[in-house]
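Data first, discussion second: the structure below is written as structure tokens.
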Amino acid sequence: MFVSYTASVRDPSKQLQLPLLAPPPGGEEYLPGRCGPLPVQFVRHPRARRYLLRINTQGVARVTMPRWGRRAEARAFAEAHVAWIERQRARQLQRAEATRRIAPGELVLFYGIACPLTVHAGDVITRVSLGELSCEVPAPADLDQAVRAMLRGRAARELPTRLHTLAAHYGLTVSRVTIRDQHTRWGSCSPRGQISLNWRLVQMPESVRDYVLVHELMHLRVANHSRRFWVQVAAACPEYELARAWLRRHGRELL
């Protein structure tokens, strides 16, 4: 499902015929938002007569451009509607949080494997297990909180080490690594070399997790999502498109 907003900017010349241009690999850029960068994609459509802004189910803004449209004009259009984008993303998050509850026996992804959640309830203590992870929580257990705490703990132990290992392999230096509960991004990289990672990376297959880590590391070389950036990603992770396809297909299955 898409939420859409259309612009009223129309073709000023009526005669201009530009070739259809494919977006760069990945196609993403970022807009400045009140709570952090907002991902946005720009695509050109041969039948579009105005700029069209949509938010997909992953919270990514997508600007469809008419064939006469200019990239700078499309970005300005998106920037003018940042508040609307943030409202739509907030509503998506609220709906997801209201409907997603974990139940005993439910299959939860752990490094790409669907593991059943087992619960052994006692009068005082409840033991919760997911694959090789387990914890004891006071009864009655808040399963959502318990499972997320287990996964986030694993993320805090493993992701920084793996990131530093990959950084050393590519001759890069990371100044700081933080594990966060990001709802719309798998990771982020600051100009100072500080990388934030979504704890949900431990729910992904290792190859997909490593792609996300490499993606953020390559931002230490190229700050934007230009074609030059994707060349760097492809050189470091030749099968990155498979990882991106997995994220598009299964990203919504993560907690």
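Looking across 216, 239, 206, one residue alone is under 25 Å from residue 40 (Cβ atoms) and either out of contact with any helix residue (DSSP H, G or I) (no Cβ under 8 Å at 6 or more places or on another chain) or acidic (Asp, Glu) (or both). It is 216.
Condition test on residue 188, is it under 27 Å from residue 247 (Cβ atoms) and part of a strand (DSSP E or B)? Yes.
So, in segment 107-131, of the ones that are open to solvent by 90 Å² or more (accessible area, probe 1.4 Å) and in a strand (DSSP E or B), which residue ends up nearest to residue 250 (Cα to Cα)? Spell out the reasoning first.
At the first step, the residues of segment 107-131 found to be open to solvent by 90 Å² or more (accessible area, probe 1.4 Å) are 107, 113, 120, 123-124, 127.
Of the ones still in play, those that are also in a strand (DSSP E or B) are 107, 113, 120, 127.
Details: 107: 13, 113: 12, 120: 29, 127: 28 Å.
Per the criteria, the residue is 113.
Every condition in (1) of a type outside the set (Asp, Glu); (2) exposed (fewer than 11 other Cβ atoms within 10 Å of the Cβ); (3) within 28 Å of residue 37 (Cα to Cα) holds for residue 103 except the one numbered (3).
Residue check: is residue 239 surrounded by fewer than 14 Cβ atoms within 10 Å (Cβ to Cβ), within 22 Å of residue 179 (Cβ to Cβ) and out of contact with any strand residue (DSSP E or B) (no Cβ under 9 Å at 6 or more places or on another chain)? So that I can check it myself, show each step before the final result.
Details: surrounded by fewer than 14 Cβ atoms within 10 Å (Cβ to Cβ): yes; within 22 Å of residue 179 (Cβ to Cβ): no; out of contact with any strand residue (DSSP E or B) (no Cβ under 9 Å at 6 or more places or on another chain): yes.
The answer is no for residue 239.
Selection of segment 132-185 for residues being within 30 Å of residue 56 (Cα to Cα), among the polar types (S, T, N, Q) and either open to solvent by 50 Å² or more (accessible area, probe 1.4 Å) or not in a loop (DSSP other than H, G, I, E, B) (or both) yields 145, 178, 184. Here residue 233 meets the list (1) crowded, with 20+ Cβ neighbours inside 10 Å; (2) without any contact (Cβ under 8 Å) to a residue 12 or more places away in the chain almost entirely, failing just condition (2). Among the residues here, residue 212 qualifies as within 25 Å of residue 133 (Cα to Cα), within 18 Å of the chain's Cα centre (by Cα), among the aliphatic types (A, V, I, L, M) and surrounded by 21 or more Cβ atoms within 10 Å (Cβ to Cβ).
Residues being over 19 Å from the mean Cα position of the chain (by Cα), open to solvent by 30 Å² or more (accessible area, probe 1.4 Å), on the phi < 0 side of the Ramachandran plot and free of Cβ contacts under 8 Å to residues at least 40 places away in the same chain are entirely absent from segment 84-97.
The values are calculated or read from the model by the stated rules, or taken from the named source; none is laboratory data. The shown structure was predicted, so the numbers you read here are calculated from the model rather than taken from an experiment. Don't worry about glycine lacking a Cβ; one is built from the backbone with ideal geometry, like all the others, and counts go over all protein chains shown. Ligands, DNA and RNA are stripped out before the accessible areas are found, and what is left, the full protein with its side chains, is counted by its heavy atoms. Shrake-Rupley method; radii C 1.70, N 1.55, O 1.52, S 1.80 Å.
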